[in-house]
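Just so it is clear, none of the values below were taken in a lab; they were calculated from the coordinates. Predicted model only: the values in this text are computed from it and were never measured. Positions of Cβ are backbone-derived with ideal geometry, glycine not excepted, and every protein chain shown enters the neighbour counts.
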Amino acid sequence: MVLLVAAALFINYIDRGNLATAAPLIQGDLHLTPGQLGILLSAFYYTYVLGMVPLSWVAERYGAKLVLAAGVATWSIATVLVAFSSSFYSLLALRLLLGLAESAAFPCASKLLAQTVEPRRLGVANGVMSFGYLLGPAVGTLLGGLLMSAFSWRSVFVVMGAASLLWLWPWRSVVVGATPVVTDTTAPPPPVPLAGGGASLGLIFRQRALWGAALGLFSANYSFYFVLAWLPFYLVKERGFSMADMAWTASWAYLLNAVFALLSGWLTDRWAKSGRSVSLAYKSLMAANHLVGVACMAAMLILPVKGMIAALFVYEVWAGIASPGLFAIPQIIAGPHAAARWVGVHNCVGAMAGIIAPALTGLLVEASGRFSAAFLCAAGVSLLGLLAWTVILPKIAPIAWDELAARRKTLATAEAPI
């Protein structure tokens, strides 16, 4: 189940990133301005954000397995249809459909992991999941870039969209457990599900941990989506790379990201099993990622080509190290009966960076003709994430939802007029 969830997210990030890889070619073919290109790159996230919370509720109500399958089928078809687009508006409509379908992915994935994986193995499970979605841009950029340089950008959307549908076949046989199976006798037993099926959104919204982690995710995502959306264009148009050179450079950067995410998840679980603080481990990794991110954004802007590539690789290594914590933290805090709803809100806030970063970058580049302001903006947002993970986010520990709901009910009863 974990491997197939990771595979779904791998497909997810290939399909959402294809437009960024094709951007230098699509811009010339369809005569798009940098501002229009920025809107297309961010349009995916309009419906991605809006669909996150409703689809997290649907996943809780009808089952994450079914909702994830429907999402994969829909976004694969939307990817194929991009090949037949001939205008800005047709591309815009398909990017909106793609975003809506893909908004099911992370709430469903987190629900499935929280249901099936015991808490002390969530680091590895999220490391595998992170490896999947971070490997997607590496493979998609390399294969897409090479195929586009040899054939056309339209052919890539047909091939990759059709191939994505193959995932549905093995997914049919997956059996999802009702609760995590605890094999470690020193680990606490899984919590008893709440009456009514989980914590309410109102109760989730009142948690300081939600807003600390969500703001931290927004900050991490800003730099990630800025690089994911604009790196191919930046390397080709401003640094003079060929399409093939761009594909190799970007794919190596994304591959480092994926490999270090997998390694980080394994090491974090080893840390937890030794009895040391999981909260300290995750918070330290998040803080280091944002400090390194500030330095790397500045370095990618001012250094010559070799130094810029080195800074890009260092940024991707540390972004990968931090990646498992982005979703392991809410899964630990929310638990199996609140994970889908919590992550729906958490990822909704984080995905707003996908709306802002590509579009704002397009406007800044169109206004100045350079990427200077865009890199400096990404560095500034990283500082915001440092504050969120270290100050706003409290200790990372499971919330006792039954006790919290009972306390609030008792308080409400006591304050009610007689």
Normalising by the residue count of the chain, find the relative contact order in percent from Cα pairs under 8 Å and 6+ residues apart. 28 percent
Using alpha carbon centroids, what distance separates segment 207-258 and segment 327-355, in Å? 21 Å
Tabulate in residue order the Karplus-calculated ³J(HN,Hα) for segment 204-220, using 6.51 cos²θ - 1.76 cosθ + 1.60 with θ = phi - 60°, rounded to whole Hz; enter x for Gly and Pro. 5, 4, 7, 8, 4, 4, 4, 6, x, 5, 5, 5, x, 5, 4, 5, 4
With bins of 5 Å, the percent of all Cα-Cα pairs of segment 1-132 per bin from 0 is 2, 11, 20, 20, 17, 12, 9, 5, 3, 1, 0
How large is log10 of I(q)/I(0) for segment 223-310 at q = 0.21 Å⁻¹ when the intensity is taken from the Debye formula with one equal scatterer per alpha-carbon? -1.06
For Lys237, give me every one of the aspartates and glutamates with a C-alpha distance below 18 angstrom, ignoring sequence neighbours fewer than eight places off in its own chain. Asp29, Asp245, Glu366
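So what is the 222 nm mean residue ellipticity for the chain from helices alone, if each DSSP H run of at least 4 adds -39500 (n - 2.57) and you divide by all residues, rounding to the nearest 500 deg cm²/dmol? Show your work: numbers first, answer last.
Details: 16 runs with 327 residues, N = 418.
Roughly -27000 deg cm²/dmol at 222 nm, from the helical runs in the chain.
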Fewest to most Cβ atoms within 10 Å: His31, His346 sort as His31, His346
Area projected by the alpha carbon convex hull of segment 267-369, averaged over all directions, nm²: 8.3 nm²
Based only on the alpha carbon positions, what is the Kirkwood hydrodynamic radius of the chain, in angstrom? 21.5 Å
If we count other beta carbons within 10 Å of each Cβ, what is the order of Tyr46, Tyr225, Tyr234, fewest first? Tyr46, Tyr234, Tyr225
The farthest towards the positive end of the charge dipole of the chain, of the residues His346, Pro394, Leu210, given +1 on Cβ of Lys and Arg and -1 on Cβ of Asp and Glu, is Pro394
Using only alpha-carbon positions, what ratio does the radius of gyration of segment 1-59 give when scaled by 2.2 N^0.38 Å? 1.43
Check: the chain dipole with +1 on Lys, Arg Cβ and -1 on Asp, Glu Cβ, in debye: 580 debye
With each label point set 7 Å from Cα along the Cα-Cβ vector, what nm distance links Ala244 and Tyr89? 4.0 nm
Whole-Å semi-axes of segment 114-166's equivalent ellipsoid (Cα gyration tensor): 33, 12, 5
Fraction of alpha-carbon pairs over 13 Å apart in segment 43-91 - percent: 67 percent
